Every structure is written in structure tokens, then in C-alpha cells.
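**Student:** Pasting a structure below so you can have a look.
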Amino acid sequence: MHTGGSSGWALVALCAAAGAYCLLRMRGGTGEQRREAGGEALMGFGMAAMAVPPAVFSPPPWTWALYAAVFGAAGLRALWAARDRPHHLHHLVGAGAMVYMAVVMAGSPGPAQGHGHGGSGAAPLTGALLLYFAGYVLLGGARLVPVAAVPADGPAAGWTGRPELARACRLSMGIAMLAMLLTL
């Protein structure tokens, strides 16, 4: 979702940093943890790309279909994973929100594929997603505050194996999703 000026660049930096940290998390942990970190990295980098200010880069119209296809596939993967692990439903909602934003952007008028719903009638879905991510951010923030120092799994784990950093990463992506949805 294109945002303007310095707030757009702050959102790009936040999402790209979260994506990069998630890539680093893929180096350790179990197979399931690596897959989850990979999905979060995809989300972070995808959100960063969508947040680039339109004055810098106005993507061609086919880009929005590509976003919708990539995040639609990520949503299907999350749905498949959620059958055994319900916490993946959040990934399904996040991927669905990315597909939704791509579809809205594709249908928006203007050279930069501008903002707003126009007459699409999609505002109730935006409101529902805003409520979901606001709740997710509040709950994630509450879970983050009391986290005590957890010893790493040894010297090799380093800062990529720290659960509070992973929670902070998820929280920052939730806040970024809220910001992006507000620009619709």
C-alpha cells in the first residue's frame, strides 16, 4: 500500500528490517520454525515493497496481480498448515489482507494506483481487518512486555534465537499492517 513521504519510508524500513530479521531466524530452529520465519520474511518484504512511496516508484499495473497471486499462495499454505497448528490462522489473515490490499490497489484510479475505496463497497472488510490487527497488536504488546530474559540455546543461537525479538518482529509487522490498512 503506497504511503506518502517520510512515513512511507519509515514503513518501508520497518518492514524490510522485520523481513531481514526473519530471514536470519530461518538459519536456526526446527523445520517448522524455519518455515514460519520464511513466511514472516515474505510478509515483511512484501509489505515493504507495497509501502514504497509512489513518487519514487509507481509499479506497473500487473504488479498488483503478482502480489495477489503470491500472497494467495501464501494464504493457501497457511490454511494447510492451520489444520494441525491453529496459530497459522493469523498468517492466513495476514496473507488475505495482503491480497485484499493488492486488489484494492489494482482497482484504484490514478497514475500511482491511488488510495481509497471509491465505490468498491469494500470498506467493511477494511474495518474488520483493522479491528483484527488492532487486537493482534494490543495482545502482542501485552505478551511482549512481561517477557523475562530467556537464555539462548547456546553460543550459536545468538540474537536470532531470542523469542522476545521474534515477538517484537511480529508486533512491528502487525503495526505496519495497521498503518497500511489505514491508507486504503
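**Student:** Can you name every residue in region 34-50 that is of a type in the set (D, E, K, R) and in contact with a helix residue (DSSP H, G or I) (Cβ under 7 Å, 6 or more places away or on another chain)?
**Tutor:** Once the filter is applied, which keeps residues that are of a type in the set (D, E, K, R) and in contact with a helix residue (DSSP H, G or I) (Cβ under 7 Å, 6 or more places away or on another chain), region 34-50 yields only GLU40.
**Student:** Could you grab me the full set of residues in region 18-31 that are touching a residue at least 12 places away in the same chain (Cβ under 8 Å) and outside any loop (DSSP other than H, G, I, E, B)?
**Tutor:** Of everything in region 18-31, those that are touching a residue at least 12 places away in the same chain (Cβ under 8 Å) and outside any loop (DSSP other than H, G, I, E, B) turn out to be ALA18, GLY19, ALA20, TYR21, CYS22, LEU23, LEU24, ARG25.
Matching residues to (1) surrounded by 18 or more Cβ atoms within 10 Å (Cβ to Cβ); (2) over 15 Å from TYR132 (Cβ atoms); (3) in contact with a strand residue (DSSP E or B) (Cβ under 6 Å, 6 or more places away or on another chain):
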site: ALA51; (1), (2), (3): yes, yes, no
site: PRO54; (1), (2), (3): no, yes, no
site: PRO60; (1), (2), (3): no, yes, no
site: LEU76; (1), (2), (3): no, yes, no
site: LEU79; (1), (2), (3): no, yes, no
site: HIS87; (1), (2), (3): no, no, no
site: HIS90; (1), (2), (3): no, no, no
site: VAL99; (1), (2), (3): yes, no, no
site: ALA102; (1), (2), (3): yes, yes, no
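**Student:** I would also like to ask the following. How many residues are under 12 Å from the mean Cα position of the chain (by Cα), aliphatic (A, V, I, L, M) and in a helix (DSSP H, G or I) if we restrict to region 38-76?
**Tutor:** Of the residues in region 38-76, 8 are under 12 Å from the mean Cα position of the chain (by Cα), aliphatic (A, V, I, L, M) and in a helix (DSSP H, G or I).
Throughout, read-outs are computed from the coordinates displayed, never taken from laboratory work. Note that this is a predicted model, so its numbers are computed, not measured. Please note: Cβ atoms are built from the backbone with ideal geometry, for glycine as well, and neighbour counts cover all protein chains shown.
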